[in-house]
Amino acid sequence: MSNPNPPILEETHVGGGNVNPVENTFTDRLSHVLADLGKNGIFIALIAVVVLFSILTNGILLRPQNISNLVVQNGYILVLAIGMVMVIIAGHIDLSVGSVAAFVGACSGVFAVQWGLPWWLSVILSLGIGALVGVWQGFWVAFVGIPAFIVTLAGMLIFRGLALVVLGNANIGSFPAEYRALGNGFLSDVFGDFEIDPLTLGVGALAIVILIVQQVRTRRGRQKYGQDVEPMAWFITKLVLVSAAIGFFAYSLASYKGIPVTLIILAVLVLVYGIVMNRTVFGRHIYAIGGNRHAAELSGIKTRRVDFWLFVNMGVLAALAGLIFTARLNLAGPKAGDGFELEAISAAFIGGAAVQGGVGTIGGAIVGGLIIGVLNNGMSILGIGIEWQQAVKGLVLLLAVAFDVYNKRRSGGQ
């Protein structure tokens, strides 16, 4: 008679260990770390570039004066990168930002220098002109349906020509001191004349505290809802490294002239646009349109309105970049803005924006712009000619886009 209860098979042991898989804590933690490094590859690239040029320049790159100059010299590109990455996320492009910056800078020269208007009124009128430029281009893109590439290519020619008309092929200067502070001013000596500015150190310390509190709250929130979190050791290591970087940056600025006004403007823009892109309906609509425009339209998103306001926003930011650049040079000239659009587009793509749209972040665009700035600064310190600088930046852009395409093919199983 056969046994109705089949025998229970025991676990097979080989060399005293179970064949059945067991949870490997080390492997799990390592996978978390590697995944985190993959998500933050752009930051690792920035660190690598900084370390490389610090070695090649014998530490000149990280001197306090040079760090301050990096912020001031690249402020206008970072402002443009913020607007450009939003346009690219929505699946568009803007080739006119350099010409718009030159045109608005020329107009501000007429307002502040030739007409003698107050500096603050000149700034407001100039930003208004930038908004009108955005209205003009947004109308053709959103409501007429002409591709943004064509509209902004035409805008690049139109506003470059208008800049020459306004300037009359001559330079305009010099600007009021308050106006110049947009590009060359510093917030320092608020508490008196100190060798190390205490206000800058205080702001740096506050930034570290806010970072730690925000990261801890985010981690606890993920744990509360049962989501995976990174190992505690790696979490603490990241906080220590980032806090050290912020502290070094703040100390370097405090050792020179304090906080550049350009940095204050950038910080406000990053904060505001970070909230817009991550926590507002408008920001979610931008990502939805870039991911799948037809699906966004079917879901009720007013894509034309979003496109229109994107280009209005880009016009205002291009105007602000033109003001910062003009203030830094204390001069409005016909050659201003040359190549700005290429720098801004490169910053967005190097920072992780996708060519097809739907992907990108404000923080990534800022880091991409910083990589370009460090490349420019480091190669200039080494005495490398402008022709090789252009070649290197082009190669970096190509590799960044190729890496994005490779990741998409790998994730799609192609």
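Key figures
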{"item": "Options LEU182, LEU206, LEU162: the member that is under 24 Å from the mean Cα position of the chain (by Cα) and assigned by TED's automatic domain parsing to the domain that holds LEU78", "result": "LEU182"}
{"item": "Residue that is nearest to ILE172 (Cα to Cα) [pool: residues in segment 102-135 that are touching a residue at least 24 places away in the same chain (Cβ under 8 Å) and of a type in the set (Phe, Trp, Tyr)]", "result": "PHE103"}
{"item": "Output for segment 289-301, where each listed residue is more than 21 Å from VAL272 (Cβ to Cβ) and of a type in the set (A, V, I, L, M)", "result": "ALA295, ALA296, LEU298, ILE301"}
{"item": "Filter pass, GLY226 being at positive phi and in contact with a helix residue (DSSP H, G or I) (Cβ under 6 Å, 6 or more places away or on another chain)", "result": "no"}
{"item": "Selection status of GLY322, of a type in the set (Gly, Ala, Ser) and at pLDDT 90 or above", "result": "yes"}
{"item": "Whichever residue in segment 307-345 is of a type in the set (Val, Ile, Thr) and over 30 Å from LEU398 (Cβ atoms) and, among such residues, is surrounded by the most Cβ atoms within 10 Å (Cβ to Cβ)", "result": "THR326"}
{"item": "Among the residues listed as THR25, THR57, THR12, the single one being modelled with pLDDT of 90 or more and of a type in the set (Ser, Thr, Tyr)", "result": "THR57"}
{"item": "Matching helices (runs of 4 or more DSSP H) fully within segment 220-297 where at least 1 residues are surrounded by 18 or more Cβ atoms within 10 Å (Cβ to Cβ), free of Cβ contacts under 8 Å to residues at least 60 places away in the same chain and outside the structural domain of VAL71 (by TED's automatic domain parsing)", "result": "232-255"}
{"item": "Residues located in segment 106-130, provided they are buried (at least 17 other Cβ atoms within 10 Å of the Cβ), of a type outside the set (S, T, N, Q) and under 25 Å from the mean Cα position of the chain (by Cα)", "result": "VAL123, LEU127, ILE129, GLY130"}
{"item": "Matching residues in segment 43-68 - criterion: being without any contact (Cβ under 8 Å) to a residue 60 or more places away in the chain, in a helix (DSSP H, G or I) and of a type in the set (S, T, N, Q)", "result": "SER54"}
{"item": "Unmet requirement for VAL203, which otherwise passes all of (1) crowded, with 19+ Cβ neighbours inside 10 Å; (2) without any contact (Cβ under 8 Å) to a residue 40 or more places away in the chain", "result": "(2)"}
{"item": "Test: residue in segment 245-257 that is under 17 Å from THR200 (Cα atoms) and at pLDDT below 90", "result": "yes"}
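The values are calculated or read from the model by the stated rules, or taken from the named source; none is laboratory data. On a predicted model such as this, the values are computed, not experimentally measured, just so you know. Cβ sites come from the backbone with ideal geometry, for glycine too, and all protein chains shown count toward neighbours.
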